[in-house]
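Data first, discussion second: the structure below is written as structure tokens.
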Amino acid sequence: MSIPLSRLTLVPILALSAVTLPGQQETEPVATGSRITNEGVVRANAIVDSVFLLRTHPIDTVDVGDFAAHLLARLGVPPFEDSLAFRVHADSTLVWITGRLRDFPPESRDELGPLFSFIDSLTPFVAEIALTRGASGVMRFRLMRVTVSGFGVPDLLLGPALREYNRRYPVLAQNGRELLIAMPLEATVQLVGDGVELTMPPKPADERR
């Protein structure tokens, strides 16, 4: 199931959680990467519209943090507080959302209580998300794993939280692990270094008249 372009979303699993990276101290979050901000929503909106809707740019790249903010806003998440300290990274294969339990808004901590009830609030996490498809009218994002201090969170703990999101947001698939996003059939999307590259062929000559 996919959703209209006007309702592009990136489910809260993109800010669901995450791991310490190799060699990182458990009490230190990743300091680099992009933030999920209100300003990022505006920047991403402008780029997405210019490529997919207005077609004034045949190709452009959205900062991966801005893209996450844009999709969360489309989902209906209210404006973010400055304390939303998640960092977003990407290369050509994966997106990483990094942060600490205390970075989640209070209501999110309550919702994810079964998952984090045994973890100190300073513990860093990482969620790994892959763009498994970015053509033929569909972007498919899949949550590959959530790790804590290098250890994967088992489905016994992660599954209930994902199923609850799946219940709230029917656009999810695979018990909450996948999000399908509609885009123009001609468009393509791919991950690049800390960004999401959007490509749209120019309009045929007869459409530009």
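Listing for the model above:
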{"quantity": "Virtual spin-label span in nm between Val138 and Glu186, 7 Å along Cα→Cβ", "calculated": "2.2"}
{"quantity": "Contour minus Cα-Cα distance for Asp155 and Lys203 (0.36 nm per residue)", "calculated": "12.7 nm"}
{"quantity": "Local net charge near Val126, Cβ-Cβ under 11 Å (Lys/Arg +1, Asp/Glu -1)", "calculated": "+2"}
{"quantity": "Net lengthening on full extension, Ala173/Ser121 (0.36 nm per residue, minus Cα-Cα)", "calculated": "15.7 nm"}
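Here, each number is a calculation from the coordinates, and none is a lab measurement. Everything numeric here is computed off the predicted structure, so don't read it as measured data. With ideal geometry, Cβ positions are generated from the backbone for all residues, glycine too; neighbour counts draw on all protein chains shown.
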